[in-house]
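Notes follow the structure.
The values are calculated or read from the model by the stated rules, or taken from the named source; none is laboratory data. What you are looking at is a predicted structure, and each value in this text was computed from that prediction instead of being measured. Cβ coordinates were reconstructed from backbone atoms using ideal geometry, including for glycine residues, and neighbour counts include every protein chain displayed.
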Amino acid sequence: METELTERQKLVLALVIRDYIETAQPVGSVSLVERYKLDFSSATVRNDMVTLTELDYLRQPHTSAGRVPTEEGYRYFVRQLMGHTDLPAPTKRTIIHQFYQAGVDVDRWMHLAASVLAHQAQAASLITAPHPERVVFKHLELIRTHGRQVLMVLVLSGGEVNQQMLSLAEPVSQDQLSAVAQRINQNCAGLAVTAIEGLKQPSDALEQDILKLVTTEMQRSIRVVAGELYRDGLTHVLAEPEFGERAFARRALRLLEERPLLEDLLSRTVLTDDPGGVQVLIGGEGTWEELRECSVVLARYGAPGLATGTLGVLGPMRMPYGRTISTVRFMAGLLSDLVEDMLTED
């Protein structure tokens, strides 16, 4: 549970984060009082900084240096202190005009969206093309390979083929496997995952297990990155002082360049179905080592139930969260409108 801060401690934390985002330099109590003309003393601010450090919201890189925010400090700022931010109206109008000049061309929308995100957030952008959300079962094959090992081949709508090696509790003959596959094919052909989950549970234990694996794989297929991935603005990230060290830069590059790593991030990140809802990952959230020095802001866009994609930006943990979140939220809403208009045209 987060420790409740006093109003003054909240102000000090917010100002330290604001100052550090702008300067990338440790923040001292005297400079904070002078810069923001605070009506309390530097000694009072210093005491609050000590408390915030003990609570793991700030840290002191060197004994004689000022403080910098920690991952927890950034999280508290985003959740509790930042409030709702919005892009300026003239900026919105300019972006909307750019998109409507592009016409009904999804590829141009994606390139433009990546460019706008990178420019507005001054970070690296990534966006996946919209893909159908309704995954439909077509065909299943179960092939005995060796001992308890079975190859499951699942064919979905659009020709997508998923192969998975299964290790059964005990050996099963090919005839038994073929019979299970045949029953599942008869019952599930042409059905979406929700319809399959609503079917009456089969009495056969093996068939139950296989059916559960099928629905799990279909759910994963809905979440996974599909189609082309668009990126822009990598130079913005590499220009930041945090990425002056080659090891840090390589980790950031891995996320943007290695498709399996990015798919893992997007498929395991819980995004709200409401287009424009934003997810903020700070410091990899203990899951992705490659993001240890980074923050990622993601949102889903599109027409739920028809076609959706994911967009977001990656930058240093010291990113301007208000501007970045408002940019991602606005772009998700704009692309959702465009995709929905395209899909629902008569």
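Key figures for this structure:
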| quantity | calculated |
| --- | --- |
| Subset tally (residues that are crowded, with 20+ Cβ neighbours inside 10 Å and either more than 23 Å from Leu234 (Cβ to Cβ) or among the charged types (D, E, K, R) (or both)) for region 305-333 | 4 |
| Cβ-Cβ under 8 Å pairs, at least 6 apart or on other chains, region 116-141 side without any contact (Cβ under 8 Å) to a residue 24 or more places away in the chain and not assigned by TED's automatic domain parsing to the domain that holds Lys212, far side part of a loop (DSSP other than H, G, I, E, B) and not hydrophobic (A, V, I, L, M, F, W, C) | none |
| Odd one out for His97, checked against (1) outside the structural domain of Ser125 (by TED's automatic domain parsing); (2) under 29 Å from the mean Cα position of the chain (by Cα); (3) free of Cβ contacts under 8 Å to residues at least 12 places away in the same chain | (1) |
| Sole residue being at pLDDT below 90 and exposed (fewer than 15 other Cβ atoms within 10 Å of the Cβ), chosen from His131, His146 | His146 |
| Pro202 being in contact with a Gly (Cβ under 7 Å, 6 or more places away or on another chain) and either at pLDDT below 90 or more than 15 Å from Phe137 (Cβ to Cβ) (or both) | no |
| Subset of region 121-134 (residues that are under 18 Å from the mean Cα position of the chain (by Cα) and not in a strand (DSSP E or B)) | Ala121, Gln122, Ala123, Ala129, Pro130, Glu133 |
| Meets criteria (hydrophobic (A, V, I, L, M, F, W, C) and surrounded by fewer than 17 Cβ atoms within 10 Å (Cβ to Cβ)) for Phe40 | yes |
| Number of the condition not met by Leu13 [criteria: (1) free of Cβ contacts under 8 Å to residues at least 24 places away in the same chain; (2) touching a helix residue (DSSP H, G or I) at 6+ places or on another chain (Cβ under 6 Å)] | (1) |
| Candidate set: region 21-43, residues that are touching a Lys or Arg at 6+ places or on another chain (Cβ under 8 Å) and in a helix (DSSP H, G or I); chosen: the one farthest from Glu285 (Cα to Cα) | Ser29 |
| Residue within region 52-72 that is over 25 Å from Gln279 (Cα atoms), modelled with pLDDT of 90 or more and among the β-branched types (Val, Ile, Thr) present | yes |
| Failed condition for Asp86, given (1) surrounded by fewer than 18 Cβ atoms within 10 Å (Cβ to Cβ); (2) farther than 24 Å from Gly277 by Cβ | (2) |
| Residue within region 58-66 that is crowded, with 17+ Cβ neighbours inside 10 Å, over 22 Å from Gly283 (Cα atoms) and in contact with a helix residue (DSSP H, G or I) (Cβ under 8 Å, 6 or more places away or on another chain) present | no |
| Breaking point among (1) part of a helix (DSSP H, G or I); (2) within 18 Å of Ser295 (Cβ to Cβ); (3) at pLDDT 90 or above, for Met110 | (2) |
| Spans of helices (runs of 4 or more DSSP H) in region 135-233 with at least 3 residues under 30 Å from the mean Cα position of the chain (by Cα) and over 30 Å from Ala121 (Cα atoms) | 193-197, 205-223 |
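Condition check ((1) assigned to a helix (DSSP H, G or I); (2) of a type outside the set (Gly, Ala, Ser); (3) not assigned by TED's automatic domain parsing to the domain that holds Glu242) across all residues:
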position	(1), (2), (3)
Gly305	no, no, no
Met319	no, yes, no
Gly322	yes, no, no
Ser326	yes, no, no
Phe330	yes, yes, no
Gly333	yes, no, no
Leu338	yes, yes, no
